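To keep things clear, I will list the structure first and then write my remarks on it.
The values are calculated or read from the model by the stated rules, or taken from the named source; none is laboratory data. Bear in mind that the values here come from a model prediction, so they are computed numbers and not experimental data. We place every Cβ from the backbone using ideal geometry, glycine too, and count neighbours over all the protein chains shown. The area values use the complete protein model at the heavy-atom level, side chains included, leaving out ligands, DNA and RNA. Shrake-Rupley method; radii C 1.70, N 1.55, O 1.52, S 1.80 Å.
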Amino acid sequence: MDLEEAFHVVGEFGKYQKRLAALLILLQVYMACQSMLIVLVGATPDYRIEKGKDPTTQQDLVKHVIFTEDLDSIVTEWFLIRHHAYKVSLAGSLFFAGVLVGNVLFGPLSDKVGRKPVFLAGTLTNMMFAVGIALFAALGYYVQSWRALATTANSPGVLFFLLCLTLPESPRWLYSQGLTQKAEDVMQHMAMRNGKEKVVVKLKLCAGSAKAGRPSSGVLELVRHPTLRWRTGILMYVWYACSLVYYGLTLNAGEQKGNRYANVAMYGLVELPAYPLCMYFINKQWAGRRKTTAAFLMFAGFSCMVTMFLPNHLDLWLNTTSLALLGKLMVSAAFNIVYIYTSELYPTVIRNAGLGVCSMSCRFGGILAPFVPSMKGLHQSMPFMVFGLSGVSAGCLNLLLPETLNKPIAETLEELHIPAYQRILEKEVYPFGEDQPNSKRKAQA
């Protein structure tokens, strides 16, 4: 039997796979807590300086600065304000720098040694990341000591690491590498855990992608090929802008007026409507991937830019916070789409390299994002101006890319110039493993 038939026999999403998905969902929540940790650990309360004093050294700050809010953070403990405030932003940037290093080192490694040893079996929906942000806000409300909060948020990492060691390798990856016997063993284990002990999995022999005559293409092809070079340049900026605006607005939650913990929770929960929104629009012929991504990015940018022209005292429903939340909703939707759109713009033989380069540019946006809110020291509206211009410019550039909805997906570099090829028949993206017609599933295999 082939791989798709084997999955159908052992159970495509049985009890065993659901338990694995539950573990990965919890892991996504854990990663959200890591990303948001600096927002509460590095929160800066209001403070005043003793009259007639102009502290310049750390000792002067300790003597003459009085914090007006009872808050325990690295800022209040080490007086990381004024010319020392950059250290808080730097701490946030170091997290994303670590993600960038992991992307560079472990991304290519996963294609050589497998998905499990590197990061154990794929990714989950971004919606769980949003829920994780809200849960972290609740955790911060009840655990207000920054040391205790950091310990509580980080401790589950050891448990998740040990649990991830129990995850199986991806049978699809094993099969694509020609490791047919190992793929059979994994799928036999899945069948047993799904209560189908009598099933015997016997796959057709596969020589592996490297031996199947498919030419290999590296990162340099993204520069050599004129079409790919143009697409990659635009996509890198789009990914960078998505990351900058997304994480910038999220990390700015602690700077907004009102309850700090409620703000952080709202900046997470506001993402939840983004997923059904983007899934609806990208499958419509009149919208598609290109226009939808561009529209969401431009709306996110305009929402941020409008805040620069609002007076200080406005109605409850029309203020800086509400427009920033709208911007977060829009950029979250764009971020969801850009993963799908990018994978469809690259031919199969170069897709991993293209996604890797775009993901790297995304990390640079995350590295710079913690510093943008601190730009309000130059002007109060400067952070939103940066977010706004980034979103609008990325949206405009995205319109230069081709539409991919209902269009064939290239298998090789040569097919980029052939309009009449067709590799898959699937026209729509289905959310959360929604059942597809059998004819479509077989065509997609």
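Restricting the search to the range 264-291, which residues are of a type outside the set (Gly, Ala, Ser), touching a helix residue (DSSP H, G or I) at 6+ places or on another chain (Cβ under 7 Å), assigned to a helix (DSSP H, G or I) and open to solvent by 10 Å² or more (accessible area, probe 1.4 Å)? Of everything in the range 264-291, those that are of a type outside the set (Gly, Ala, Ser), touching a helix residue (DSSP H, G or I) at 6+ places or on another chain (Cβ under 7 Å), assigned to a helix (DSSP H, G or I) and open to solvent by 10 Å² or more (accessible area, probe 1.4 Å) turn out to be Met266, Leu269, Tyr275, Leu277, Met279, Phe281, Arg290.
Any residue that is assigned to a loop (DSSP other than H, G, I, E, B) and touching a residue at least 24 places away in the same chain (Cβ under 8 Å) - is there at least one of those in the range 17-37?
Initially, the range 17-37 is screened for residues assigned to a loop (DSSP other than H, G, I, E, B), giving none.
No, that holds for no residue.
Of the numbered criteria (1) assigned to a helix (DSSP H, G or I); (2) open to solvent by 50 Å² or more (accessible area, probe 1.4 Å); (3) at pLDDT 90 or above, the one Phe387 fails is (2).
Can you name the condition, by its number, that Phe106 falls short on among (1) among the aromatic types (Phe, Trp, Tyr); (2) over 26 Å from Asn252 (Cα atoms); (3) at pLDDT 80 or above? Tallying (1) among the aromatic types (Phe, Trp, Tyr); (2) over 26 Å from Asn252 (Cα atoms); (3) at pLDDT 80 or above, Phe106 fails exactly one: (3).
Of the residues that sit in the range 6-60 and are of a type in the set (D, E, K, R) and surrounded by 14 or more Cβ atoms within 10 Å (Cβ to Cβ), which one is modelled with the highest pLDDT?
Initial filter on the range 6-60 (of a type in the set (D, E, K, R)): 12, 15, 18-19, 46, 48, 50-51, 53-54, 60.
Narrowing the set further to residues that are surrounded by 14 or more Cβ atoms within 10 Å (Cβ to Cβ) leaves 12, 60.
Numbers: Glu12: 70, Asp60: 82.
Residue satisfying both the conditions and the ranking: Asp60.
Name the single residue that is nearest to Ser93 (Cα to Cα) among those in the range 344-370 being modelled with pLDDT of 90 or more and open to solvent by 60 Å² or more (accessible area, probe 1.4 Å). Out of the qualifying residues, it is Leu368.
Of the listed requirements (1) surrounded by 14 or more Cβ atoms within 10 Å (Cβ to Cβ); (2) in a helix (DSSP H, G or I); (3) at pLDDT 55 or above; (4) not aliphatic (A, V, I, L, M), Arg441 misses just one: (3). Each residue in the range 132-144 was checked for being over 17 Å from Phe95 (Cβ atoms) and either touching a helix residue (DSSP H, G or I) at 6+ places or on another chain (Cβ under 8 Å) or surrounded by 12 or more Cβ atoms within 10 Å (Cβ to Cβ) (or both), and 8 pass.
Table: residues versus (1) farther than 15 Å from Thr404 by Cβ; (2) in a helix (DSSP H, G or I); (3) in contact with a His (Cβ under 7 Å, 6 or more places away or on another chain); (4) modelled with pLDDT of 85 or more.
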site: Thr227; (1), (2), (3), (4): no, yes, no, yes
site: Ala241; (1), (2), (3), (4): yes, yes, no, yes
site: Tyr246; (1), (2), (3), (4): yes, yes, no, yes
site: Lys257; (1), (2), (3), (4): yes, no, no, no
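Can you tell me which residues in the range 45-87 are in contact (Cβ under 8 Å) with a residue 60 or more places away in the chain and not hydrophobic (A, V, I, L, M, F, W, C)? Before you say what the answer is, go through the steps one by one.
Initially, the range 45-87 is screened for residues in contact (Cβ under 8 Å) with a residue 60 or more places away in the chain, giving 71-74, 77, 85-86.
Correct list: Asp72, Ser73, Glu77, Tyr86.
In the range 132-158, which residues are charged (D, E, K, R) and either in contact with a Lys or Arg (Cβ under 8 Å, 6 or more places away or on another chain) or not in a helix (DSSP H, G or I) (or both)? Give the derivation first.
Our first condition is that a residue be charged (D, E, K, R); within the range 132-158, this holds for 147.
Scanning the range 132-158 gives no hits.
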